[in-house]
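Bear in mind these aren't lab numbers, they're just calculated from the coordinates by the rules spelled out. As the structure is a prediction and not an experimental result, all values here were calculated from the model. We place every Cβ from the backbone using ideal geometry, glycine too, and count neighbours over all the protein chains shown.
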Amino acid sequence: MNIDDRVTAHYKSGKYIGTITGMRPGSYTVKVLSVLRHPAQGDLHNPNEAEVPFFHERKALAFCEQANIPESALHLYEGELIDYNESLTAAVEKLEARLNEKNNAFASRSLQALEEVKKEYALMYNISFK
């Protein structure tokens with residue numbers, strides 16, 4: 001992979017489309033252009049657990065935010081680029097749908113956290129959700 005290549009990047013529990021802006025041994029710096037999967041809410045060290053000391057609210061990486069991604073978490077991307085706001089909205093709605101299918105304490109707590117994240121997105125990107 002090279003500078004300016006378009007890639008998909010897995011970062012924490014989210015997945016993004018971006019371009020490579022820097023290279024280091026074993027990792028690349030990627031500038032985020034779209035969101036494919038919104039990060040999971042909650043404690044990543046205790047997945048699917050609602051009763052944890054700190055239940056994280058995780059936002060997606062911002063438009064043009066740069067992140068260092070391990071080489072193993074990158075793949076070349078040749079599809080259409082999706083508008084950031086549209087991709088973020090779709091990713092949030094997909095995560096909400098998955099959580100709404102579950103009927104447990106973790107899903108309920110995740111939905112609560114996601115509501116707070118959506119409020120921030122509305123302010124940051126002027127996005128309105130269903």
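Residue count for the stretch 47-85 under the criterion of being within 13 Å of SER13 (Cβ to Cβ) and more than 14 Å from the chain's Cα centre (by Cα): the result is 2. Of all the criteria given as (1) more than 18 Å from the chain's Cα centre (by Cα); (2) not in a strand (DSSP E or B), the one not satisfied by GLY22 is (2).
Among the residues of the stretch 112-130, just one is among the aliphatic types (A, V, I, L, M) and in a loop (DSSP other than H, G, I, E, B), namely ILE127.
Counting only residues that are among the basic types (Lys, Arg) and touching a helix residue (DSSP H, G or I) at 6+ places or on another chain (Cβ under 8 Å), the stretch 54-98 holds 2 of them.
Within the set LEU36, LEU74, the sole residue that is free of Cβ contacts under 8 Å to residues at least 60 places away in the same chain and within 20 Å of ASP5 (Cβ to Cβ) turns out to be LEU36. Taking the criterion of being under 15 Å from the mean Cα position of the chain (by Cα) and surrounded by 17 or more Cβ atoms within 10 Å (Cβ to Cβ), the residues of the stretch 91-106 that qualify are ALA91, VAL92, LEU95, GLU96.
For the stretch 45-81, a residue qualifies if it is touching an Asp or Glu at 6+ places or on another chain (Cβ under 7 Å) and surrounded by fewer than 12 Cβ atoms within 10 Å (Cβ to Cβ), and the qualifying residues are PHE54, LEU76.
Would you confirm, using the coordinates I've provided, whether GLY42 is surrounded by 13 or more Cβ atoms within 10 Å (Cβ to Cβ), among the small types (Gly, Ala, Ser) and assigned to a loop (DSSP other than H, G, I, E, B)?
Details: surrounded by 13 or more Cβ atoms within 10 Å (Cβ to Cβ): yes; among the small types (Gly, Ala, Ser): yes; assigned to a loop (DSSP other than H, G, I, E, B): yes.
Spelling it out, GLY42 is indeed surrounded by 13 or more Cβ atoms within 10 Å (Cβ to Cβ), among the small types (Gly, Ala, Ser) and assigned to a loop (DSSP other than H, G, I, E, B).
Taken over the stretch 77-125, the criterion of being polar (S, T, N, Q) and touching a residue at least 24 places away in the same chain (Cβ under 8 Å) is satisfied by ASN85, SER87, THR89, ASN104, SER108, SER110. Exactly one residue out of SER72, SER128, SER110 is among the hydroxyl-bearing types (Ser, Thr, Tyr), within 21 Å of VAL30 (Cβ to Cβ) and out of contact with any strand residue (DSSP E or B) (no Cβ under 8 Å at 6 or more places or on another chain), and it is SER72. Looking across the stretch 5-39 at every residue that is within 26 Å of TYR125 (Cα to Cα), of a type in the set (Ser, Thr, Tyr) and in contact with a helix residue (DSSP H, G or I) (Cβ under 8 Å, 6 or more places away or on another chain), the one that is surrounded by the most Cβ atoms within 10 Å (Cβ to Cβ) is identified as SER34.
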